Structures are given as C-alpha cells and as structure tokens.
Amino acid sequence: MRQWKKLLMIGLTVALGASIATAMLNVMLDVGDKINEELKTYGSNITVLPQSEAVMNKLYDVENGEEKNEYIKESQLGELLTIFWANNITDFAPLTDTEVSFGGKNVKLVGSWFDHHLEFVKKGTTYQRDTGIINLRSWWDIKDGKWLDEQKLDSANYAMIGAELAKEQNIKAGDTITVNSEKGSQTLKVTGIFESGDDEDQCIYTPLGVAQKLTGSDGMFKKAEVSAITSPDDELAVKAAKNPSLLSGDEYDLWYCTAYVSSICFQIQEAIPEASASAVRQIADSEGKILEKTQLLMSLITLMSLIGATLGISNLVTSGVMERSQELALLKAVGATNGQVTGLILTEIIATAIVGAGAGYFMGYAFAQIIGQTVFSSSIEMSGMVAFIVIVLIIAVTLVGSIPAIRMLLRLRPSEVLHGGH
Amino acid sequence: MSLLELKDVSKVYGDLHALDHANLTVDKGEWIAIMGPSGSGKSTMMNIISCMDRPSSGKVIFDGKDITKESRRKLTEFHRDKIGLVFQQFHLINYLSAVENVMVAQYYHSMPDEKEALEALERVGLKDRARHLPSQLSGGEQQRVCIARALINSPELILADEPTGNLDEANENIVLDIFRQLHKEGTSLVVVTHDPEVGEVAQRIVRLDHGKIVSDKKNDNFSE
Ligand SMILES: Nc1ncnc2c1ncn2[C@@H]1O[C@H](COP(=O)(O)OP(=O)(O)O)[C@@H](O)[C@H]1O
Ligand SMILES: [Mg+2]
C-alpha cells in the first residue's frame, strides 16, 4: 500500500480549496457588473423635478422664478432619448402623485407610465422607446392579477393597488373601485395587487392620464424617475458636480463624454430647461458599499478555505511522512540526500495537488455558475486570470502545507529510526 | 593498512556516556564481531562507523582520511560509496519487489541496473525470488535481500547490526555462510551481535560494556 488513500485525501483537500477559490474569485471579479445590474433593476438613480420645485427643495429663495412651476410638460420627456448618453438611460417614467379619498380615508394615488410606448420626433428623426414602471419597479411582487398593460388596454381607467391597501379594503384583481379628489371622481378597474415591501403598499397606481384628470394637470407630470448606467464618480466628477463651469475646456469635454451621473443630469437639464435633474445619492453609495462588503466576504471565504486546505494538507503530509519514516530513513541510509528525499515527497504531493487543482477548477466553475444563477440569475464569466491566480495559490498552499513535514524529514535520522530499540 | 580507525571516540547523551573513549582499528579485509550486553553502546559505535552519526569527541579516520569534521552532505556521500548496511529488522520497502529493493540502493548511488541487481540476489541464493514482495519472503530470505542491497555498490565495509537477531538457526547459518563467502572475497565486515554463536565465527572479537571497550582479541577458533 503506497498511501493511495492519503494522496486521494490530499487531492480532495486541494480540489475543495481550489474550487472555492475559483468560484469566489470569479464571482468577485464578475460581481461588480452583476451588482450594478442588480441595483439598476432596483429603481432609479436620477430624479427629474420642475426647476422651481427643485430649488424649493434645496431651500433656496426663488430669485428668478416669478412663475412657480409645479409641473413639467409630458411631451418634453421624449427629449431624454436625444441626449448624448441616451443609450445609458435604461428606463424612465413620469410620476404624478395626489391624495384621493378612497374607502373612507385619504390614500396616495400615483399616475405613471407602465409599459408606455414613447415616440419622439426631433429635427426629422424619430426616437422610440418602450419604458415605464414595469422596469422601474421590477421588484414588485404581483400577488393577484397582473401588471397593468397600458398598450393593450384601450381605456385608461385601470389601476394597480398596493397589497396592504388591498387587504385592508378587501379588494381583489378584477374589482372596480372609485376614488375622489377635489377635481372629480374616477372609477377604476383593478388589474393587479402588488407587494413592494415599502410605503407603496398603501398606494394606488394608475396610468398617468388618471392622475392628470384628478389633479387637473393635463399633459403634465410632477416628477420623473430615470434609471441610467453610470460610471463611478472620481475626482473629476466631484469637481464637476460642484460647478461644471469651473472646469477647463479639456476637463469639461472629458466630463461631458463620461457617463458620470452628474454629466447625465447636466445633459437632461440641457434637454429639458424647465427641469432640474439630480442624482439619487443613497443608491449610488449603497451600491459601492454592498459591492465592497460582498467582495470582502468573498475574499474572507477564499482566505479561510485556503487556510483550511493548508492545514489539511499539512496534517495529511505530516502523518504520511510519519508513517513512512522508516522507508524514508532507509532511503537516507542507502545514500539519498535530504534534497532527494524531499524531492520525492514533494513530487508526489505536487503531482497530486495538480490533479486536485484541475478537478477543483471545474468544481469551482460549477459553484460559480450555481452562485451566479441563484444570486444574480445570470452566468458568471470565468476569467483566465483567476485560473492563473488559483494555480499560484494552490502551489503556495501545497508548499506551505508541506513545510512541517519537510522539516520533520530533514530531522529524520536514519541512525535513530533504523537501529530500533537502540 | 587499516581501513578504519576510531581514535578516543566518545558519544555522550546528557550525562550518559553511550561510548566512552573507544579506540578501534579495522584492517582491510578483516571480519570483526562487536559484542556486549544490551545498552553497552554497540549501535552507537555502528552509527559512528557508518557516518550516520557524529562522535561527541574523538576522531574517525576512514581510508586514511579524517572524516570527523566533514559536512553532512559529504558524510552521506561517503557513507553511500564505502559502506553497506545490514539491519536486524531488514527495512525492505514493502511495496517493492526483492530486485527493486536492491535497485533502490543503486539508484541513490549511481544508476539502477537490473542485471547487476539480479546478480547480487544470485550471490545470496535468491535469484528465483527476485520478483517477490518482502511480504512473500521468509525472514531469512528478507535478510538475504537486505545483504544483497548492502553489497550492490561494492562497498569497502559491510556493517551489520544484529543481522541474525530475527532469524532462526537455519537461516542464521545461511547468513553466516554468506558472510564467510564475502570475507573470502576480501570484503571487510563489522558485525554487531550479542549472540555468541555469531561472534564465535568472526576473526576478531571486540567486547563493549557501558560504552567502554573491555576486550579486543583475535578469535583462536576462527577458521577460513
Ligand atoms: N539518541 C539517543 N538518545 C539518548 N540516549 C541514547 C540514544 N541512543 C542511544 N542511547 C543510549 O545509549 C546507550 C547505548 O545504546 P546503544 O548503542 O543502542 O546500545 P546497544 O546497541 O549496545 O544495545 C543506551 O543506554 C541507550 O539508551
Ligand atoms: Mg543495538
């Protein structure tokens, strides 16, 4: 018996360590994109408000605004399709909210686009986009019925109701409700009940037209949410955010042509002068934090699995050498040098480790895909760099793990081992 | 000319003198038995002669060369080239066949050569057992493989520590016959034993007690 079991165990230990390292490192490299995608689907990162409203929000005195706008023209929203970074804008929707009385209490009603088909003509070019809160509220869980399908329903008199409100008022999909405001009343058919997990579970969502009638603001909206893919902020972005006019010409060009959230906001304001666009900070920040924490966690898992593998290998190799001490002492006694005996042991272990690492890489590939599918619902791209890093790590783990055994090997004295019982 | 000289050699473990100012000369072609009770320092002396251990004090001179201060690596080489070892417990590698066990010694000396290894087995009468694993061989046969392994690199000195300690009388006689043969061929032999019958067949008998050489005499009963 030439310790096949021990070598098998070493191979398995290495395979396990290699697979976890492979999976974690690949997921880690890919996770930046994945989390961005994930967060992109988690609502908007830019808010568009009427100019004066925005200024009011910033608690400034109105200096130049004699007329106090509360609304932006709905027809203006198509301008978003014309800006330089239009392709980075994944979704947007206008929102007008108002209080209505319903079921004996005041309830918030929000009018918006659901799956709106937008066509916008500018300078002879037609821009088109299907957009709306179906994408901006992708986390909504439809508990009953289905999404309000603006494009299929001929009449605008439909609504979706938040789960809490629906439960409270005992409303199901297909029911008809009536809501009242100062400007009139509307009868709406409920297409679906949604659960959002926040305040909106107390809200009614309707097509924008319903809210416009209830507020008497035809062709207008109160605010728009925009979801855009942005580049992370750097020094230039911070400088520009303070005041773009302070940038030098080159800096300005670079800033304008980079998908910073600030330059996209700036371009939205250029396109819709009556609007003020601003970044929704919290999400951008939490994005970075989640990413950092996830990566830290994965680094720790990788580190621990490698430490585990090192300890496991160290144990196995040491006990293997101990069991073979007589044989190894004999090799020394017939003239093998320390280098030769060490080489013999290391060759066996490294050959085993290479086989184990190969198997581990494929296991890691599978792990990475499982993680990708369960956590991000998409596959993880395997990077060649990770394969290289894993090979280096596994060699290091194997060599470090073998140190105690090799030290024992060097101290092994044939004179003591072979002349048993002195 | 002397092959080996121990000059005032001591080996101390703590305050125990395993070997106490020992002086010994082994001539080329000589057959010496080292005898003494258990714990008297026989293995300690063997280890020093075989360069596997260093004395605490004194000098070891082999082939006219003082090897006391040589590096460990040099000692390993020296030991490999000049000395063949025979152990009481044989120490064969259990997953290698008899001939492969002999070839291991060739491998670390120069180059494995199966033909030569088979010849060595033939010398100890084991040619037909060459492909057997140690577990398929009797104790006596295993010891003969061990002797073949010790012989394979044509050492100047064969050192055997209790070579018959684990053997019955029949096998003991076979081993002693091989020693006789080796002696005739001019190989120097140092055999450690506490068995009088094994000691009695040597040319010279050195007695150890408490690490001291208490007698060193020619054996009058020795016959070629
Ligand atoms: N490595 C060692 N450490 C401590 N004491 C030892 C060691 N080797 C041998 N001794 C001691 O040295 C003495 C001589 O041992 P040894 O040469 O093996 O005797 P023998 O072979 O004659 O039985 C014994 O008392 C033994 O316990
Ligand atoms: Mg002994």
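The values are calculated or read from the model by the stated rules, or taken from the named source; none is laboratory data. Remember, predicted model here, so these are calculated numbers, not experimental data. For neighbour counting, all protein chains shown are included, and Cβ atoms are generated from backbone atoms with ideal geometry for every residue, glycine included. Just the protein is used for accessible areas: all its heavy atoms, side chains included, with ligands, DNA and RNA removed. Shrake-Rupley method; radii C 1.70, N 1.55, O 1.52, S 1.80 Å.
Brief remarks follow.
- Residues that are open to solvent by less than 30 Å² (accessible area, probe 1.4 Å) and over 28 Å from the mean Cα position of the chain (by Cα) do not occur anywhere in segment A:363-372.
- Of all residues in segment B:177-200, those being assigned to a helix (DSSP H, G or I), buried (at least 16 other Cβ atoms within 10 Å of the Cβ) and within 16 Å of ligand 1 (Cβ to nearest atom) number 2.
- Residues of segment A:225-249 satisfying the condition of being among the β-branched types (Val, Ile, Thr) and touching a residue at least 60 places away in the same chain (Cβ under 8 Å): A:Val226, A:Ile229, A:Thr230
- Residues of segment B:50-83 satisfying the condition of being within 9 Å of another protein chain (Cβ to nearest Cβ) and crowded, with 18+ Cβ neighbours inside 10 Å: B:Ser50, B:Met52, B:Asp53, B:Thr76, B:His79, B:Arg80
Results for (1) closer than 21 Å to A:Leu8 by Cα; (2) away from ligand 2 (no atom under 16 Å from the Cβ); (3) within 14 Å of chain B (Cβ to nearest Cβ), shown as yes or no for each residue.
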{"site": "A:Thr337", "(1), (2), (3)": "no, yes, yes"}
{"site": "A:Glu348", "(1), (2), (3)": "yes, yes, yes"}
{"site": "A:Thr352", "(1), (2), (3)": "yes, yes, no"}
{"site": "A:Gln373", "(1), (2), (3)": "no, yes, no"}
{"site": "A:Leu399", "(1), (2), (3)": "yes, yes, no"}
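- Residue within segment A:340-350 that is assigned to a helix (DSSP H, G or I), more than 44 Å from the chain's Cα centre (by Cα), assigned by TED's automatic domain parsing to the domain that holds A:Leu29 and surrounded by 21 or more Cβ atoms within 10 Å (Cβ to Cβ) present: yes
- B:Asp8 passes every criterion in (1) of a type outside the set (Phe, Trp, Tyr); (2) more than 10 Å from every other protein chain (Cβ to nearest Cβ); (3) open to solvent by less than 30 Å² (accessible area, probe 1.4 Å); (4) farther than 13 Å from B:Val190 by Cα apart from (3).
- Hits in segment B:42-58 - residues which are within 9 Å of ligand 2 (Cβ to nearest atom) and farther than 25 Å from B:Asn221 by Cβ: B:Ser43, B:Thr44
- Residue in segment A:19-34 that is within 27 Å of A:Gln269 (Cα to Cα) and either at pLDDT 80 or above or assigned to a helix (DSSP H, G or I) (or both) present: no
- Flag for B:Thr164 being within 16 Å of ligand 2 (Cβ to nearest atom), away from chain A (no Cβ under 14 Å) and closer than 20 Å to A:Ser415 by Cα: yes
- The set of residues in segment B:145-168 that are charged (D, E, K, R) and open to solvent by 30 Å² or more (accessible area, probe 1.4 Å) comprises B:Glu156, B:Asp168.
- From the options B:Ile34, B:Ile61, residue that is under 30 Å from B:Glu224 (Cβ atoms) and away from ligand 2 (no atom under 13 Å from the Cβ): B:Ile61
- Being more than 16 Å from ligand 1 (Cβ to nearest atom), within 22 Å of B:Gly139 (Cβ to Cβ), open to solvent by 60 Å² or more (accessible area, probe 1.4 Å) and in a helix (DSSP H, G or I) is a description that does not apply to B:Glu119.
- Checking A:Val375 against (1) open to solvent by 30 Å² or more (accessible area, probe 1.4 Å); (2) not in a helix (DSSP H, G or I), the condition it does not meet: (2)
- Top-ranked residue of segment B:26-49 - restricted to ones that are over 18 Å from B:Gly14 (Cβ atoms) and within 14 Å of chain A (Cβ to nearest Cβ), ranked as most open to solvent (accessible area, probe 1.4 Å): B:Ser38
- If the condition is being open to solvent by 70 Å² or more (accessible area, probe 1.4 Å) and part of a strand (DSSP E or B), then segment A:188-199 contributes A:Lys189, A:Glu195.
- Residue-level analysis places B:Ala150 outside the set of residues that are of a type in the set (A, V, I, L, M, F, W, C) and in contact with a Phe, Trp or Tyr (Cβ under 6 Å, 6 or more places away or on another chain).
- Matching residues in segment B:147-166 - criterion: being part of a loop (DSSP other than H, G, I, E, B) and at pLDDT 90 or above: B:Ile152, B:Asn153, B:Ser154, B:Pro155, B:Glu156, B:Glu162, B:Pro163, B:Thr164
- Condition check for B:Asn171: open to solvent by 20 Å² or more (accessible area, probe 1.4 Å) and either within 16 Å of ligand 1 (Cβ to nearest atom) or under 16 Å from A:Val334 (Cβ atoms) (or both): no
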